[in-house]
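Presented below is the structure to which this report refers.
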Amino acid sequence: MPEQTIAPEHAIITYSFKFIDKSPLPKKSLTMATGPPNYKIILCGEYGVGKSSIFRRFMNDTFTLETSKKSTIGLDQSSRGFNINGTDVKLTLWDTGGMERMSFIGSSYYRGAHAALLCYSVKNKETFTILSQYILDIVMNAEGAKIFLCGNMADCEGENQVTDIDIENFERECGDVLSGMYKISCKDNSGVFDMFKDMARVLHQEALGKMTLRRELNVIRPGESPENDESQKKKCC
């Protein structure tokens, strides 16, 4: 991963994000005809924030101590089912071990993503202040993807460098870009399952809304509005 310039702790990154989904509806296949809807989620964030630990908790509910684990190399993915209001849905989580910003892997990693989980360590503020750059990558490479914020290592009481005020300022700067914010601990297995289930709920609700809108739009021919259609009918009479 190329060397990156980290903003000083006293500096505030003031990007203003405007997210516009210009993609056709629906943009991505949810495989409803052949099985449960399947939503692709990508992990984004710096080395050492615990993305691989999040992936392992998601995949088989395990945790590996820092001293005995190695950095992820290559592309991993795993799927898990959730029940949302009586409907079975599937999340497929992708992890690159921090290589998502490399040109040779970036496009395929972002392509078709329904959501991105921005990860940072609550005890390392530098991993938090750089997240604005990751948001730009997501907006440019995964158009239409929902963005969620995840603070890992919440079990490290007394070591927190990222304050609630930092998070509030970041949320305000991002506007409506963030679809959810969570604090978890992979070590204690605290909040991980609830985070993914909430993400599944948000993604499925959005998909249902887009399907409903598409059905309504299909009644109208391209380039026409309901008013124009009625006008044409009156002329024919």
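Observations, loosely collected:
- If the chain linking Phe63 and Phe193 were pulled fully straight, counting 0.36 nm for each residue of separation and taking away their Cα-Cα distance, it would gain 45.4 nm.
- Panel order for Tyr47, Tyr120, Tyr182, by other beta carbons found within 10 Å of each beta carbon, from fewest to most: Tyr47, Tyr182, Tyr120.
- Cα centroid separation, region 169-214 to region 116-133 (Å): 16
Values quoted throughout were computed directly from the atomic coordinates according to the rules given, and no laboratory measurement underlies them. It should be emphasised that the depicted structure is a prediction, and the values quoted were computed from it without experimental measurement. Don't worry about glycine lacking a Cβ; one is built from the backbone with ideal geometry, like all the others, and counts go over all protein chains shown.
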